[in-house]
Amino acid sequence: MVIKYNPQEIEKKWQQKWAEDRLYEVSEDDPRPKWYALTMFPYTSGDLHIGHWYAEAPADVHARFNRMQGYNVLHPIGFDAFGLPAENAAISRGIHPFTWTMQNIDNMRRQLKSIGAIYDWSREVVTCLPEYYKWTQWFFLKLYENGLAYRGKAPVNWCPRCQTVLANEQVVDGFCERCGAAVTRRDLEQWFFRITKYADELMEHSGINWPERIRIMQRNWVGKSVGTEISFALEQPGVDEREIRVFTTRPDTTFGVTFMVLAPEHPLVAKLTSPDKKAEVEEYVARSRRQTEIERLSTEKEKDGVFIGAYVVNRLNGEKVPIWIADYVLLSYGTGAVMGVPAHDERDFAFAKKYNLPIRVVIAPPGWQGEELEEAYIEPGTMVNSAQFNGLPNEQGIEAISDFLEEKGWGKRTTTYRLRDWLISRQRYWGAPIPMIYCEKCGIVPVPEKDLPVLLPEDAEFKPTGESPLKYHEQFVNTVCPQCSAPAKRETDTMDTFMCSSWYFLRYTSPNCDAAPFEADRVRRWLPVDLYTGGAEHAVMHLLYARFFTKALRDMGLVDFGEPFSRLFNQGVIIAKRQKMSKSRGNVITPDEYVSELGADAVRAYLMFVAPWEQGGDWNDSGISGVSRWLNRLWNLMLGGYSWDGEVSLAVRQKAERELSRITHQTIQKVTEDMEKLRFNTMIASLMEFTNYLAKVKETKAVAASSWKESIDTLLLLLAPTVPHLAEELWQQTGHNYSIHNQSWPKWDEALTKEEEITLVVQVNGKLRDRIIVPASTTEVEAKQIAAASTRVEPYLAGIEPPNIRYIYVQGRLVNIVVKQDKETV
Ligand SMILES: [Zn+2]
Ligand SMILES: [Zn+2]
């Protein structure tokens with residue numbers, strides 16, 4: 001009598017046992033090769049949803065696979081615990097952010113444990129605990145010492161709803177990434193990290209295996225463009241400035257400039273505007289300030305602008321060029337001024353048409369006879385209307401004009417980047433305090449290392465003021481200067497939480513180290529991360545920051561590598577009822593429910609099976625029921641006992657055993673290759689097929705008990721990473737020693753995977769016509785088709801239709817095709 005599969009019972013039992021035995025605790029002196037498998041650590045939002053499971057479970061399966069492959073696997077877990085949501089919860093519900101966060105961590109830890117992963121919990125890191133953020137602050141000091149952190153006044157992205165400054169990366173199409181409010185701009189004194197110093201290096205991904213999509217996003221984000229900065233002369237009485245500089249990638253078109261456009265916020269606008277244009281200009285400036293960046297840059301919006309009544313001089317031809325302002329030019333990009341070349345730029349063309357500005361061709365299209373252009377011509381051509389440069393192909397013109405401008409001192413070749421320095425100040429409480437002190441005498445003074453951490457005071461008041469609650473906390477703010485001991489004030493801003501996640505993967509190697517952020521020899525041993533998995537949404541934030549951080553640490557001599565993650569893999573998204581899950585749609589899948597009903601193993605296996613991991617798929621209740629039934633079948637298959645039918649002939653037995661061995665080895669090969677390539681859905685399909693095949697073998701009872709045992713042992717080992725609890729239980733119940741998770745991954749024998757072959761004799765009307773080598777598994781239908789398709793047989797069958805054609809088949813040996821000619825009898 002077989003006991004029923006009871007996942008709740010066995011899962012709890014094994015999780016307890018693994019924890020007691022510290023089965024997954026990672027040793028530092030393990031001689032096996034290391035494998036660092038990292039999943040992006042979760043934010044402490046409070047509940048583990050199915051998206052977390054989709055990130056964590058397949059990653060765990062792969063880590064377990066490598067563990068069985070003979071690696072010393074580090075697969076740690078922790079919590080990204082600082083940030084706005086905790087503070088918002090504190091404001092709206094009156095719970096302290098620390099309490100809220102730690103309660104959430106308790107719940108998430110319980111949920112994460114229910115997955116049955118090989119996390120080494122002794123290495124857990126929590127970024128909001130002083131023993132962690134002490135080192136986040138320490139890194140800030142190091143960056144400051146090395147000239148990579150600086151304070152500056154800058155227009156910043158301001159979210160009016162969250163009441164805080166946002167990094168460029170947190171502004172999505174002009175809206176707050178967190179709350180969706182339109183982002184406006186403000187000037188504030190802020191701390192920045194000099195990520196732009198690494199712009200070129202951040203565009204390179206050589207030596208690392210990352211998805212092309214992410215590499216392209218990062219390159220575009222850094223946005224390098226090579227061109228020339230050109231000075232236009234300003235000759236306005238009463239204005240000190242003598243030039244306006246523009247950046248262009250097309251200096252070859254400079255003779256075609258017929259207007260210049262400044263950003264409405266450009267500091268020269270007020271100085272240059274003529275009295276008669278003042279009212280119109282001021283109104284336009286006020287209007288554009290009210291618009292978001294996205295509205296200003298929208299391609300659908302018709303570009304408009306205002307002439308300000310002033311001119312610059314194009315030094316190349318001495319022409320006066322009218323100055324306009326238009327909101328599509330942003331002060332924060334480039335110089336805040338652009339030259340208008342309507343003949344060779346689509347946007348400028350539309351602008352010139354609208355305001356009736358001249359359009360002068362300077363790059364002739366092929367066959368051009370001087371006629372007016374119907375649209376901007378942006379392709380290569382020959383230079384015209386360009387004085388001494390006429391007749392040059394424009395690609396040469398780019399160099400020739402740049403040379404000329406540089407000789408004259410009117411311009412210089414330069415490279416610009418879209419990337420801006422990383423703004424890390426947050427006017428918020430729930431983050432690591434920036435360890436800086438302001439002294440009236442000494443200026444900005446770093447907190448001495450021995451005084452770290454600068455602790456967050458527990459008793460802050462949470463009000464949505466737009467300023468850090470720390471600003472109103474007297475004991476926190478008031479301190480003494482470490483240099484002169486005079487009364488001084490602390491910095492009250494906290495750090496962007498992306499700072500905490502820029503180094504957590506180093507801390508996992510030595511989470512209890514208290515003399516340094518990490519033990520150098522351990523980081524040398526474990527890093528870089530061999531496989532980093534997580535969502536693609538982190539492409540230009542976390543993943544770019546972590547790379548910058550690593551490169552900065554490398555240059556400080558703290559680590560000896562420049563790329564933290566050797567391989568990156570982005571999983572897809574699980575949706576439900578073909579839609580993104582959301583509370584309002586009522587289609588949120590709660591993993592806890594499925595775990596308590598069908599077991600964690602069923603949830604794990606289903607998530608692996610539902611779709612290719614990188615694509616993600618649609619959660620479906622009948623799908624997970626199917627997977628659960630498969631696990632039940634497995635259970636019964638292995639525990640129902642097997643008895644060999646002693647009556648079968650030796651020949652039949654040997655054939656059945658050869659087949660069983662072949663299919664077993666084929667399955668090992670398929671599952672191993674799929675595991676290596678993270679193709680989990682086809683891996684599960686192979687395991688299901690193998691299960692079905694074994695069920696048939698069990699029915700026919702043709703193989704010896706020892707062969708049967710070997711095959712189900714193999715199946716269990718192949719299942720162990722995917723359904724670790726079920727595999728452990730069955731391993732024990734089938735007479736093995738604990739633990740299956742310390743066993744080696746099965747290996748396949750290439751020779752045994754080969755299909756057996758036989759020679760098929762083909763006759764027509766009893767006469768030998770062909771011999772064909774076919775796989776032994778060829779079916780009767782296939783054999784007849786193969787025989788009829790033989791080129792030596794075809795001529796005898798021409799024009800003959802059933803019923804005048806019959807086949808006689810001898811299993812595994814012969815096809816005799818009996819053909820009846822017209823009016824003949826066979
Ligand atoms: Zn917001
Ligand atoms: Zn001082």
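So, restricting to strands (runs of 3 or more DSSP E) that lie completely within the stretch 202-297, which ones have at least 3 residues that are open to solvent by less than 10 Å² (accessible area, probe 1.4 Å), in contact with a strand residue (DSSP E or B) (Cβ under 8 Å, 6 or more places away or on another chain) and within 30 Å of Leu392 (Cα to Cα)?
By residue number, 225-233, 259-262.
Hey, does the stretch 797-811 have a residue that's touching a strand residue (DSSP E or B) at 6+ places or on another chain (Cβ under 8 Å), open to solvent by 80 Å² or more (accessible area, probe 1.4 Å) and either within 26 Å of Tyr693 (Cα to Cα) or not in a strand (DSSP E or B) (or both)?
No: the stretch 797-811 contains no residue that is touching a strand residue (DSSP E or B) at 6+ places or on another chain (Cβ under 8 Å), open to solvent by 80 Å² or more (accessible area, probe 1.4 Å) and either within 26 Å of Tyr693 (Cα to Cα) or not in a strand (DSSP E or B) (or both).
Take Met436 and decide whether it is away from ligand 2 (no atom under 16 Å from the Cβ), open to solvent by less than 40 Å² (accessible area, probe 1.4 Å), under 19 Å from Tyr132 (Cα atoms) and modelled with pLDDT of 95 or more.
In short, no.
I'd like the residue in the stretch 474-510 that is away from ligand 2 (no atom under 16 Å from the Cβ) and open to solvent by 20 Å² or more (accessible area, probe 1.4 Å) and, out of all such residues, is nearest to Phe548 (Cα to Cα). Working first, answer last.
Step one: filter the stretch 474-510 for residues away from ligand 2 (no atom under 16 Å from the Cβ), giving 474-476, 492-510.
The next check asks that each one be open to solvent by 20 Å² or more (accessible area, probe 1.4 Å); those that pass are 474-475, 497-498.
Working: Glu474: 35, Gln475: 35, Thr497: 15, Phe498: 12 Å.
This residue is Phe498.
Collect the residues in the stretch 382-391 that are in contact with a helix residue (DSSP H, G or I) (Cβ under 6 Å, 6 or more places away or on another chain) and open to solvent by less than 50 Å² (accessible area, probe 1.4 Å), keeping them in residue-number order.
Answer for the stretch 382-391, where residues must be in contact with a helix residue (DSSP H, G or I) (Cβ under 6 Å, 6 or more places away or on another chain) and open to solvent by less than 50 Å² (accessible area, probe 1.4 Å): Met383, Ser386, Phe389.
May I ask you to list the residues in the stretch 505-531 that are in a helix (DSSP H, G or I), in contact with a strand residue (DSSP E or B) (Cβ under 8 Å, 6 or more places away or on another chain) and more than 27 Å from Glu676 (Cβ to Cβ)? Spell out how you get there, then give the answer.
Narrowing the stretch 505-531 to residues in a helix (DSSP H, G or I): 505-507, 520-526.
Then drop every residue that is not in contact with a strand residue (DSSP E or B) (Cβ under 8 Å, 6 or more places away or on another chain), which leaves 505, 507, 525-526.
The one that is in a helix (DSSP H, G or I), in contact with a strand residue (DSSP E or B) (Cβ under 8 Å, 6 or more places away or on another chain) and more than 27 Å from Glu676 (Cβ to Cβ): Arg507.
Would it be correct to say that Leu373 is modelled with pLDDT under 95, of a type in the set (A, V, I, L, M) and over 29 Å from Gly397 (Cβ atoms)? Break it down into steps so the answer makes sense when it comes.
Values: modelled with pLDDT under 95: yes; of a type in the set (A, V, I, L, M): yes; over 29 Å from Gly397 (Cβ atoms): no.
No, not satisfied.
When you scan the stretch 392-424, how many residues do you find that are under 30 Å from Glu131 (Cα atoms) and either within 16 Å of ligand 1 (Cβ to nearest atom) or open to solvent by 60 Å² or more (accessible area, probe 1.4 Å) (or both)? First the steps, then the outcome.
Going residue by residue through the stretch 392-424, those that are under 30 Å from Glu131 (Cα atoms) are 421-424.
Subsequent filtering for residues that are either within 16 Å of ligand 1 (Cβ to nearest atom) or open to solvent by 60 Å² or more (accessible area, probe 1.4 Å) (or both) retains 423.
Adding up the residues that qualify gives 1.
Condition first: over 19 Å from Phe680 (Cα atoms) and of a type in the set (Asp, Glu). Now tell me which residues in the stretch 46-92 satisfy that.
Scanning the stretch 46-92 gives Asp47, Asp80, Glu87.
Scan the stretch 721-745 for residues that are open to solvent by less than 20 Å² (accessible area, probe 1.4 Å) and either touching a strand residue (DSSP E or B) at 6+ places or on another chain (Cβ under 9 Å) or in contact (Cβ under 8 Å) with a residue 40 or more places away in the chain (or both) and jot them down.
Of all residues in the stretch 721-745, those open to solvent by less than 20 Å² (accessible area, probe 1.4 Å) come to 721-731, 739-741, 745.
Across the stretch 721-745, the qualifying residues are Pro721, Thr722, Val723, Pro724, His725, Leu726, Glu728, Glu729, Leu730, Ser739, His741, Trp745.
Would you mind telling me which numbered condition in (1) modelled with pLDDT under 95; (2) assigned to a helix (DSSP H, G or I); (3) open to solvent by 40 Å² or more (accessible area, probe 1.4 Å) Gly623 fails?
(3)
For Leu48, work out the one condition from (1) buried (at least 18 other Cβ atoms within 10 Å of the Cβ); (2) part of a helix (DSSP H, G or I); (3) at pLDDT below 95; (4) not polar (S, T, N, Q) it doesn't fulfil.
Status for Leu48: all satisfied but (2).
Condition first: of a type in the set (Gly, Ala, Ser) and open to solvent by 20 Å² or more (accessible area, probe 1.4 Å). Now tell me which residues in the stretch 549-582 satisfy that. Quick ask: steps written out before the conclusion?
First, pick out the residues of the stretch 549-582 that are of a type in the set (Gly, Ala, Ser): 552, 557, 562, 566, 572, 576, 582.
Correct list: Gly557, Ser566, Ser582.
Scan the stretch 138-152 and tell me whether some residue there is surrounded by 17 or more Cβ atoms within 10 Å (Cβ to Cβ), modelled with pLDDT under 85 and more than 23 Å from the chain's Cα centre (by Cα).
no
Just to check your reading of the model, which residue among Leu687, Leu678 is at pLDDT 95 or above and either hydroxyl-bearing (Ser, Thr, Tyr) or in contact with a strand residue (DSSP E or B) (Cβ under 7 Å, 6 or more places away or on another chain) (or both)?
Leu678
Among the residues of the stretch 772-787, are any over 26 Å from Leu660 (Cβ atoms) and over 57 Å from the mean Cα position of the chain (by Cα)?
For the stretch 772-787, residues over 26 Å from Leu660 (Cβ atoms) and over 57 Å from the mean Cα position of the chain (by Cα): absent.
Going through the stretch 221-267 one residue at a time, which ones are more than 44 Å from the chain's Cα centre (by Cα), more than 18 Å from Trp324 (Cα to Cα) and acidic (Asp, Glu)?
Asp240
Any idea which of Glu458, Glu449 is closer than 21 Å to Leu141 by Cα, away from ligand 2 (no atom under 16 Å from the Cβ) and open to solvent by 80 Å² or more (accessible area, probe 1.4 Å)? Working first, answer last.
On the way: Glu458 fails: closer than 21 Å to Leu141 by Cα.
One residue alone meets the criteria, Glu449.
Could you list all residues from the stretch 23-42 that are open to solvent by 60 Å² or more (accessible area, probe 1.4 Å) and without any contact (Cβ under 8 Å) to a residue 60 or more places away in the chain?
Going residue by residue through the stretch 23-42, those that are open to solvent by 60 Å² or more (accessible area, probe 1.4 Å) are 25, 29, 31-33.
Across the stretch 23-42, the qualifying residues are Asp29, Pro31, Arg32, Pro33.
I'd like to know if the stretch 161-168 contains one or more residues that are over 16 Å from Phe82 (Cβ atoms), open to solvent by 50 Å² or more (accessible area, probe 1.4 Å) and in a strand (DSSP E or B).
no
So which of Leu730, Leu752 is part of a helix (DSSP H, G or I) and closer than 30 Å to Ala117 by Cβ?
Leu730
Taking the residues in the stretch 634-653 that are assigned to a loop (DSSP other than H, G, I, E, B), under 56 Å from the mean Cα position of the chain (by Cα) and surrounded by 14 or more Cβ atoms within 10 Å (Cβ to Cβ) as candidates, determine which candidate is modelled with the lowest pLDDT.
Let us first name the residues in the stretch 634-653 that are assigned to a loop (DSSP other than H, G, I, E, B), namely 640-649.
Okay, now just the ones that are also under 56 Å from the mean Cα position of the chain (by Cα), so 640-645.
Okay, now just the ones that are also surrounded by 14 or more Cβ atoms within 10 Å (Cβ to Cβ), so 642, 644.
Numbers: Tyr642: 87, Trp644: 82.
My answer is Trp644.
Can you pull out every residue in the stretch 583-597 that is outside any helix (DSSP H, G or I) and open to solvent by 30 Å² or more (accessible area, probe 1.4 Å)? Steps first, answer last, please.
Step one: list which residues in the stretch 583-597 are outside any helix (DSSP H, G or I), which gives 583-590.
Matches in the stretch 583-597: Lys583, Ser584, Arg585, Gly586, Val588, Thr590.
Go through the stretch 461-470 and give me each residue that's open to solvent by 80 Å² or more (accessible area, probe 1.4 Å), touching a residue at least 40 places away in the same chain (Cβ under 8 Å) and away from ligand 1 (no atom under 16 Å from the Cβ).
Keep residues of the stretch 461-470 that are open to solvent by 80 Å² or more (accessible area, probe 1.4 Å), which gives 461, 463-464.
Those left that are additionally touching a residue at least 40 places away in the same chain (Cβ under 8 Å): 463-464.
Once the filter is applied, which keeps residues that are open to solvent by 80 Å² or more (accessible area, probe 1.4 Å), touching a residue at least 40 places away in the same chain (Cβ under 8 Å) and away from ligand 1 (no atom under 16 Å from the Cβ), the stretch 461-470 yields only Lys463.
Before we move on, is Glu241 within 16 Å of ligand 1 (Cβ to nearest atom) and without any contact (Cβ under 8 Å) to a residue 60 or more places away in the chain?
On the way: within 16 Å of ligand 1 (Cβ to nearest atom): no; without any contact (Cβ under 8 Å) to a residue 60 or more places away in the chain: yes.
Against the criterion (within 16 Å of ligand 1 (Cβ to nearest atom) and without any contact (Cβ under 8 Å) to a residue 60 or more places away in the chain), Glu241 does not qualify.
Restricting attention to the stretch 689-710, and to residues there that are of a type in the set (Ser, Thr, Tyr) and more than 39 Å from the chain's Cα centre (by Cα), which single residue is least open to solvent (accessible area, probe 1.4 Å)?
So, considering only residues that are of a type in the set (Ser, Thr, Tyr) and more than 39 Å from the chain's Cα centre (by Cα), the one least open to solvent (accessible area, probe 1.4 Å) is Ser707.
The values are calculated or read from the model by the stated rules, or taken from the named source; none is laboratory data. Not measured: the values here are computed from a predicted model. Cβ: placed from backbone, ideal geometry, glycine included. Neighbour counts: every protein chain shown. Areas reflect the complete protein model, heavy atoms only, side chains present, ligands, DNA and RNA absent. Shrake-Rupley method; radii C 1.70, N 1.55, O 1.52, S 1.80 Å.
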